[in-house]
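Colleague: Pasting a structure here, questions to come.
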Amino acid sequence: MTKAPHGALQGVRVVDFSEGIAGPFASRLLGDLGADVLKVESPAGDPTRRDGPRMHKDAGHSALFEYLNWNKSGVVVDVTREGGRVALHELLAGADILLHGHGPGTLEEAWGLQPAALRIRHPHLVIVAVSNFGWDGPHSKWQGSDLVMQATGGIMAFSGLREREPLKPGLRQSYYCAGINAAYVAMAAWLVVRRDGVGSLVDLSVRDVVASELVSVLPAYSLLGIISARRSSNMDPLLSGQAHPVQDGHVTLQVNTLYGPERFAKFFDDPRLAEQRYSTHRGRMDEAASLRAVLAESLSKEKGRALFERANKAGLLAGLLQTASQLLECDQLEARDVWHDVAQEGGKPWRFPARLARLSQTPTRVARGAPSLGELSQEAARTQARAAAAARDSAPPAARDGLVPGPLHGMRVIDLSTVFAAPYMGALMSDLGAEVIKIEAPHRLDQLRAGGFGYLIDNEAGEEPWNRYTTFQMLNRGKRSLVLDLGTDAGRDVLRALVKQSDILIDNFTPRVLRGWKLPYAELAKLNPKLVMLSNTGYGSTGPWADFRAQGTTLEATMGLSTYAGYVGGDTAKVGQSYPDFLAAWTGVTMLMAALVHRERTGEGQWIDLAMYPLGAAVIPEALIAAQAGEPDIGRRGNEEWGSLLSGVFRCLGADSWVAVSIADEAGLHRLGELVGSAERQPDGIESLQVALERWCASRDPMPAACELQAAGIAAGPVNNARDLICDPHLIAREFCEDVDFGGAVGRRPLIGRPYRWPGMDVAIRGPAPRFGADNDALLGDLLAMPREAIDGLRRTGVIADRPTLLPELGPENLQALVDLGTLKEADAHYRDVVVQRRRVPSTVALAQD
């Protein structure tokens with residue numbers, strides 16, 4: 001057995017044929033993991049070379065380009081010329097993975113550089129094509145931007161305030177998220193090549209990545225008919241991520257299904273917080289103003305950092321609103337060795353977030369800086385590619401009848417996690433073909449089984465309400481359930497037996513839990529040296545904040561994300577739902593795929609220490625760069641796009657109907673003026689155009705308005721809610737939602753699948769979430785070969801259970817009351833008809849050839 005000291009992907013050759021953020025970020029992550037990455041640029045270079053402050057006055061590229069493109073070499077290839085296309089094909093012949101970032105309509109059909117054409121010519125190759133709306137579907141050639149991705153992807157419909165326009169996340173989140181997704185699916189496809197010799201074409205849509213964040217919102221419609229609302233002024237001050245002022249900044253405070261405001265009453269020594277009127281979510285909304293006033297009295301005496309640390313040491317959920325400058329000086333990030341410093345002559349080094357997670361055997365590293373334009377001659381690059389192609393088995397991939405088994409087919413995952421991020425990793429691995437066993441505690445329900453972040457299917461409790469919650473169904477689809485008390489020796493013995501027969505284990509306990517059970521990775525690896533284990537924590541297993549508890553809402557502030565989300569001139573505003581959990585879920589799957597690639601070649605497992613907190617810095621590099629360049633803090637820009645000349649959301653016909661529009665250049669402004677009938681440009685031309693656009697949109701419905709704008713070459717899209725997304729012809733064509741059979745009266749309902757299409761690969765939702773303890777006997781008896789009397793003994797002593805031993809009060813909601821209160825926008829009585837109708841739209845579209 002040999003190690004790969006230079007990274008999990010040592011020896012894997014990647015061609016980055018992309019520009020901007022998503023594709024380059026994906027290929028950079030592969031480079032961090034040890035891949036040999038070659039960036040192919042046009043003679044003009046990637047536009048991000050000129051995006052923002054330069055590394056130094058004589059540098060040929062910006063600091064942002066450096067961040068997105070280190071660990072790469074570079075070559076210039078002019079694909080508009082025949083000779084350039086010949087050179088590109090030769091480079092691809094020697095590659096293993098291609099990150100293709102040029103969307104439909106950007107490459108001439110005669111050039112043969114579309115992903116499907118490249119798939120035919122290079123059948124050995126893993127091709128991940130990243131584009132705004134994907135390469136197939138009726139809107140595949142639409143123009144996009146981060147604003148348009150967030151609007152059409154559904155995030156903005158429930159972000160911001162009810163009395164204001166919908167709100168996007170700060171900066172350019174959709175493209176960084178797409179990059180992480182592209183990285184993990186590229187490695188998953190490479191596992192298939194190693195196993196079966198079969199190349200792949202994966203078509204990943206940035207908009208679909210954004211829509212994949214609706215894990216609570218979309219199933220709440222398909223399974224219940226409710227549409228989420230933007231937050232109102234009476235939002236719950238202890239559950240909404242609302243920032244509360246302290247002496248030197250802001251903090252966030254949160255309750256959950258495990259404890260309520262009484263814990264804060266004790267912490268602040270203020271019995272008013274334990275009053276009955278504040279004990280429920282509904283009560284805190286009714287009394288929001290008085291609760292904020294009570295909190296303000298205690299918080300007025302506090303300083304943010306000290307309060308944050310004291311509250312977390314007391315086991316409470318608290319966040320600290322931090323800026324980019326504060327992140328750069330944070331001792332927890334320093335202790336976690338997150339930063340990569342680039343020395344500058346005569347100046348302070350640039351500091352960039354580089355370590356997304358810690359891999360025990362194949363740590364990520366920055367081995368070199370970003371390439372200068374054309375640093376590698378075309379002939380040198382082609383010579384290297386020819387050598388790599390000659391070393392590869394020349395036999396073409398074997399032809400396959402039917403679907404190729406998913407990349408994780410035959411693997412077993414033990415899922416010890418609860419709530420959002422790590423369970424979502426398990427669900428995605430189930431989609432990829434793994435058998436995923438969810439280990440649940442008899443005496444403490446997963447918060448999602450207990451009604452957290454979800455509702456009862458069809459608002460009916462049934463005999464077992466803990467099996468009917470909507471978000472639990474989404475994040476635990478396709479898994480099996482084993483109820484096991486790991487607080488007992490007998491329960492831990494069962495877990496050890498499972499570890500011996502498994503490939504992956506994921507947990508999201510605080511670090512002290514597994515240490516206390518004597519089950520750290522070092523001990524589990526003695527049982528199974530091939531085990532890949534991922535521990536997902538808020539702050540990581542080391543550093544001064546290691547034992548702090550965390551959830552997405554409080555982390556969002558601490559990670560720096562909330563500082564850059566909000567209306568211009570206003571307070572920070574909550575955007576989306578538990579966004580840090582999605583960053584962690586996708587990053588976790590990325591690191592798991594890398595560990596599996598390494599294990600496939602060496603037989604060696606490893607431990608992945610994934611902290612959520614550092615991931616915030618990774619997706620706000622623009623703010624970190626501005627802080628170090630001496631520029632004013634970026635602050636909250638509302639819906640103003642980065643680098644746009646005109647952007648925003650505009651009200652259309654109908655209640656709360658909006659269209660997002662983004663224009664980046666003068667030509668786009670001219671086309672908009674022609675469309676909306678605005679006068680020629682004057683000194684106040686953009687303001688005049690905006691007024692004309694507002695008037696034009698007000699007479700149209702959102703989708704027709706978006707179609708007219710797109711036909712004029714302008715990036716635009718409706719602000720979609722969950723119902724819009726389920727009925728969206730483009731998403732139906734891309735099979736983004738998959739019908740899952742829930743059985744009985746519920747029948748078949750759509751759930752979010754994945755943000756990519758992978759033709760020919762058996763990647764799919766395997767079924768609904770499991771009933772509590774549904775697989776106890778099968779797993780213990782069949783998999784572990786336990787005698788019946790031993791299983792009965794575990795059941796008698798409470799080590800396993802078929803029903804929860806402690807139950808909170810679970811029951812249906814008064815949906816109309818929640819609509820009246822403003823928590824929900826709508827409870828659609830016709831949602832079952834909508835779900836049936838969507839199936840009548842043709843859903844199979846051949847992968848686009850153009």
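The values are calculated or read from the model by the stated rules, or taken from the named source; none is laboratory data. Quick caveat: nothing in here was measured; it's all calculated off a predicted structure. When we count neighbours, we look across all protein chains shown, and the Cβ atoms used for this are built from the backbone with ideal geometry, even at glycine. The area values use the complete protein model at the heavy-atom level, side chains included, leaving out ligands, DNA and RNA. Shrake-Rupley method; radii C 1.70, N 1.55, O 1.52, S 1.80 Å.
Colleague: Can you pull out the GluC sites (Glu not before Pro) in region 99-182 that DSSP calls coil and that have at most 14 other Cβ atoms within 10 Å?
Modeller: Filter output for region 99-182: E108, E163.
Colleague: Here is a further query. If you plug each phi of region 62-76 into the Karplus form 6.51 cos²θ - 1.76 cosθ + 1.60 with θ = phi - 60°, what whole-Hz ³J(HN,Hα) values come out, in order, with x for Gly and Pro?
Modeller: Taking θ as phi minus 60°, the curve returns 7, 5, 5, 4, 4, 4, 7, 9, 5, 6, 9, 9, x, 9, 9 Hz for region 62-76.
Colleague: Still on this model: Which whole-percent values make up P(r) of region 16-144 when all C-alpha to C-alpha distances are grouped in 5 Å steps starting at zero?
Modeller: It works out to 2, 10, 19, 23, 21, 14, 7, 2, 1, 0, in whole percents.
Colleague: Which residues' amide hydrogens lie under 5 Å from the amide hydrogen of D136, considering only partners 5 or more residues apart or on another chain, with H built in the peptide plane?
Modeller: A848
Colleague: A further question on this structure: Round to a whole angstrom and tell me the spacing of the C-alpha centers of region 491-552 and region 63-82.
Modeller: Here the answer is 39 Å between Cα centres.
Colleague: Counting only protein heavy atoms and using a 1.4 Å probe, what share of the accessible area of the chain belongs to carbon plus sulfur, as a whole percent?
Modeller: 50 percent
Colleague: Right, something else. Provide the descending list of Cα extents for region 565-648 along its principal axes, expressed in whole angstroms.
Modeller: That gives 54, 31, 23 Å along the principal axes, largest extent first.
Colleague: Ignoring ligands, DNA and RNA, how do H102, H250, H6, H830 rank by accessible area with a 1.4 Å probe, largest first?
Modeller: The ranking, largest first, comes out as H830, H6, H250, H102.
Colleague: Just to confirm my numbers, what's the Cα centroid distance between region 92-140 and region 216-270 in Å?
Modeller: 44 Å
Colleague: With a ≥ b ≥ c the root eigenvalues of the C-alpha gyration tensor of region 452-543, is it rounded (a/c under 1.5), prolate (a/b larger than b/c) or oblate?
Modeller: prolate
Colleague: Enter the mean projected area of the convex hull around the alpha-carbon atoms of the chain, in nm², rounded to one decimal.
Modeller: Its average projected convex-hull area is 35.1 nm².
Colleague: Where does the chain land at 222 nm, in deg cm²/dmol rounded to the nearest 500, when only DSSP H runs of n ≥ 4 count, each adding -39500 (n - 2.57), divided by all residues?
Modeller: Taking each H run of at least 4 residues, the total per residue is -10000 deg cm²/dmol.
Colleague: Taking the Cα centre of the chain as the origin and placing charges on Cβ (Lys, Arg +1; Asp, Glu -1), which of L107, L359, W696 is farthest toward the positive end of the dipole?
Modeller: Value: L359.
Colleague: S232 versus D269, label points 7 Å from Cα toward the beta carbon: distance in nm?
Modeller: 3.8 nm
Colleague: Which Cα, out of Q378, A22, G11, lies furthest along the positive dipole direction of the chain (beta carbon charges, K/R +1, D/E -1)?
Modeller: Towards the positive end, the residue furthest out is G11.
Colleague: Provide the gained length on full extension for the span A497 to A711, in nm with one decimal, where the gain is 0.36 nm per separating residue minus the Cα-Cα distance.
Modeller: Net length gain for the segment: 71.0 nm.
Colleague: Would you please classify the overall shape of region 1-89 from the alpha carbon gyration tensor, given that a ≥ b ≥ c denote the square roots of the eigenvalues, rounded means a/c under 1.5, and beyond that prolate means a/b larger than b/c while oblate covers the rest?
Modeller: oblate
Colleague: While we're here: From Cα pairs below 8 angstrom and at least 6 apart in sequence, can you work out the relative contact order of region 138-194, rounded to a whole percent?
Modeller: Across region 138-194, relative contact order equals 26 percent.
Colleague: Would you list the P(r) distribution for region 693-774, with all Cα-Cα distances sorted into 5 Å bins from 0 and each bin expressed as a whole %?
Modeller: Pairs per bin, as whole percents: 3, 11, 16, 17, 15, 11, 10, 7, 5, 3, 1, 0.
Colleague: Something else now. From the Cα gyration tensor of region 703-850, with a ≥ b ≥ c the square roots of its eigenvalues, which class applies: rounded if a/c is under 1.5, or else prolate if a/b is larger than b/c, or else oblate?
Modeller: Oblate.
Colleague: Hey, what's the chain come to in accessible area per residue, 1.4 Å probe, Å²?
Modeller: The answer is 36 Å² per residue.
Colleague: Could you list log10 I(q)/I(0) for region 648-708 at q = 0.29 Å⁻¹, which the Debye formula gives when each Cα is one point scatterer?
Modeller: Those come out to -1.30, one per q.
Colleague: In terms of modelled amide H atoms, which long-range or inter-chain residues lie less than 5 Å from the amide H of L253?
Modeller: Amide H neighbours of L253, under 5 Å, 5+ apart: G319.
Colleague: What's the Kirkwood radius of region 604-653 in Å, using all Cα pairs?
Modeller: 14.5 Å
Colleague: Let me ask something else about it. Please work out how much accessible surface R651 shows to a 1.4 Å probe, ignoring ligands, DNA and RNA, in Å² rounded to 10.
Modeller: My reading of the accessible area for R651 is about 130 Å².
Colleague: Any idea which of G84, V251, I414 is furthest toward the positive side of the dipole for the chain, if Lys and Arg beta-carbons carry +1 and Asp and Glu beta-carbons -1?
Modeller: In the chain, that residue is I414.
Colleague: What are the semi-axes of the equivalent ellipsoid for region 589-743, taken as the square roots of 5 times the Cα gyration tensor eigenvalues, largest first, in whole Å?
Modeller: 40, 26, 14
Colleague: If you place +1 on the Cβ of every Lys and Arg, -1 on the Cβ of every Asp and Glu, and leave all else neutral, what size is the dipole of the chain about its Cα centre, to the nearest 20 Debye?
Modeller: Once rounded to the nearest 20, the dipole reads 1520 debye.
Colleague: Now for a different question. Would you mind calculating the relative contact order of region 316-457 from Cα pairs under 8 angstrom and at least 6 residues apart, reporting the percent as a whole number?
Modeller: It comes to 13 percent, rounded to a whole number.
Colleague: Given the chain, what percent of its DSSP beta bridges are antiparallel, to the nearest 5?
Modeller: Roughly 45 percent of the beta bridges in the chain run antiparallel, per DSSP.
Colleague: List the GluC sites (Glu not before Pro) in region 427-460 that DSSP assigns to loop (not H, G, I, E or B) and whose Cβ has at most 13 other Cβ atoms within 10 Å. Which are they?
Modeller: E460
Colleague: So, one more: Sequence gap at least 6, Cα distance under 8 Å: using those rules, report the relative contact order of the chain to the nearest whole percent.
Modeller: 19 percent
Colleague: Ordering H281, H89 by how much accessible area each has at a 1.4 Å probe, largest first, what is the list?
Modeller: Correct descending sequence by accessible area is H281, H89.
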